[in-house]
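All remarks here apply to the structure that follows.
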Amino acid sequence: MRAIITIIAVAALASVPLWLRDPYLLNALITTGIFVIGAMSLNLLLGFTGQLSLGHIAFFGIGAYVSALTSLGFDIGLPGGFRLVHTPWPPIIGFVLAIIIAGLCGYFVGLLSFRVRGAYFVIVTISFAEVVRLVALNWVELTQGPLALTNIPSIALPLPGFGELTLRTKFHNYYLVLVVALIAYLLIARLVHSHFGRSMRGLMENETLAVSVGIDVTRTLTIAAVISAAIAGAAGSLYAHYIRIIDPEVFAFINTVTMVIMVISGGKGSLAGPVVGGLIFGLLPVALRPVMAPEAQWIAYGGVLIAILFVLPRGIVPSLAQRLTRQRSGTAALAPVALSETSAKESA
């Protein structure tokens, strides 16, 4: 049943550019899809290991800058009078490097931060994100600082025998984001249903018991952080090559909060939760903009979040799934009673 729902949902999303002609709405869907990928990566930590990372946007921003600098090239001075010169590479290589380097940063942060828990872990992740933001802001020779990196080239896919396909249009970028999101979804689904995924859930539910049966806490959490950071880096790369301009504001704390809201409202620990929550809170500002002032939009935004969590405290997807299961159980319990009553009447 879940597989059928997933196929229908993917088919419906794939059909959107064929009938949606409004470029503004299509742009909103593309940027929302990019942040949904980021939310899925955060859900891997928050929903399946119980670790809240409020610096997750750092990996998103690292992926954006790595991919942009790889495709733009740079020339920077080094101590001792040396210079490091990098000539532009194809953007697809930047996309791959963004995933690798963001994953390595996730490994570094995991080794440092998973030695602590709770509020200490949150502080470490926030601090890391702020350090990365300050580096992007102040290393002007490399990142252009507040002036931003501009004219970032679009991703081009090599087509053997036909040259390459440059993904410049919204139509192309929509399908690119959809494909990457689907790959990320399937990867996370495969991971959480594996033996490693059971180890992650075990740590979240009872760390002491998990350790007693031989689960290596630091190793498990670090691997989860690497995969989560790599997926966030991929989202950042897509963002850079689609928007084609990035500055240190990409590391803004509000972007992490947006991802957390997507995960919590949709249902942390569920595969579809970040997708549902992301689509709602990614497109809600688009729906509110024509009818509300900017200040009122934030009030409505918060009101919708509170209403969802009040009515569906576990998030949209888990709460609705639980209610559907209860209804099915009630129907199944009533069926034998109805059958027995019918048999008794026939016997009479």
Residue-wise HN-Hα coupling along the range 205-216, computed from phi with Karplus coefficients 6.51, -1.76, 1.60 (Hz; x: Gly, Pro): 7, 7, 5, 4, 5, 4, 5, 5, 9, x, 7, 7
Approximate spin-label separation residue 12-residue 257, in nm, with each point projected 7 Å along Cα-to-Cβ: 3.0
Contact order normalised by residue count of the range 225-285, Cα under 8 Å, 6+ apart, percent: 19
For the range 59-74, Karplus couplings with θ = phi - 60° (6.51, -1.76, 1.60), whole Hz, Gly/Pro x: 5, 4, x, 4, x, 5, 5, 4, 5, 5, 5, 5, 8, 8, x, 7
Residues with amide H under 5 Å from that of residue 246, placed H, sequence gap 5 or more: 149
Spin-label model distance (nm) - residue 208 vs residue 78, 7 Å beyond Cα toward Cβ: 5.2
With Cα atoms, 0 to 90° folded angle of helix 170-192 axis to the chain main axis: 60
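Can you give me the relative contact order of the chain as a percent, contacts being Cα pairs under 8 Å and 6 or more apart? Could you put the intermediate results ahead of the total?
Values: 512 pairs, mean separation 97.8, N = 348.
Reported as a whole number, the value is 28 percent.
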Cα gyration tensor shape for the range 73-113, rounded if a/c is under 1.5, else prolate or oblate: oblate
Long-range Cα-Cα pairs in the range 9-152 (distance over 22 Å), rounded percent: 53
Helical mean residue ellipticity (222 nm; -39500 (n - 2.57) per DSSP H run of 4+; nearest 500) of the chain: -24500 deg cm²/dmol
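Accessible area per residue of the range 113-161 at 1.4 Å probe, in Å²?
Details: 2810 Å² over 49 residues.
Spelled out: the 1.4 Å probe surface of the range 113-161, per residue, equals 57 Å².
I'd like the carbon and sulfur percentage of the solvent accessible area for the chain, probe radius 1.4 Å, heavy atoms only, ligands and nucleic acids excluded.
On the way: 12710 of 18100 Å².
Carbon with sulfur: 70 percent of the solvent-accessible area.
Under unit Cβ charges (Lys, Arg +1; Asp, Glu -1), what dipole magnitude, rounded to 20 debye, does the range 128-236 have relative to its Cα centre?
Details: 7 positive and 6 negative charges, 60 e Å.
My answer is approximately 280 debye.
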FRET efficiency estimate (nearest 0.05) - Cβ-Cβ, residue 137 to residue 175, R0 30 angstrom: 0.30
Listed residue (174, 204, 194) projecting farthest to the positive dipole end of the range 161-221, Cβ model: 174
Label point distance in nm, residue 165-residue 89, each placed 7 Å from Cα along Cα→Cβ: 2.4
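From the alpha carbon gyration tensor of the range 1-59, can you work out the equivalent ellipsoid semi-axes (sqrt of 5 times each eigenvalue) and give them in Å, largest to smallest?
On the way: eigenvalues 151, 69, 5 Å².
Output for the range 1-59: semi-axes of 28, 19, 5 Å.
Volume per residue, Å³, of the convex hull around the alpha-carbon atoms of the chain?
215
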Label-reachable residues, the range 9-36, where backbone N falls under 20 Å from a point 7 Å from residue 183's Cα toward its Cβ: 10-11, 13-15, 30-36
Max mean-square fluctuation residue, GNM over the chain, Cα-Cα springs under 10 Å, options 52, 20, 42: 20
0 to 90° range, to nearest 10: angle between helix 294-311 axis and the chain longest Cα axis: 40
Kirkwood-based Rg to Rh ratio, the range 87-245, C-alpha trace: 1.04
Computed over the range 216-311, the ratio Rg/Rh where both radii use C-alpha atoms and Rh is Kirkwood: 1.03
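Show me 212-224, 102-114 ranked by packing, highest mean number of other Cβ atoms within 10 Å first.
Working: 212-224: 15.4, 102-114: 20.5.
Sorting 212-224, 102-114 by mean packing, highest first, produces 102-114, 212-224.
The values are calculated or read from the model by the stated rules, or taken from the named source; none is laboratory data. All figures in this text were calculated on a predicted structure; none of them were measured in a lab. Neighbour counts run over all protein chains shown; Cβ positions are idealised from the backbone, glycine included. In case anyone asks, the SASA skips ligands and DNA or RNA and just uses the protein heavy atoms, side chains included. Shrake-Rupley method; radii C 1.70, N 1.55, O 1.52, S 1.80 Å.
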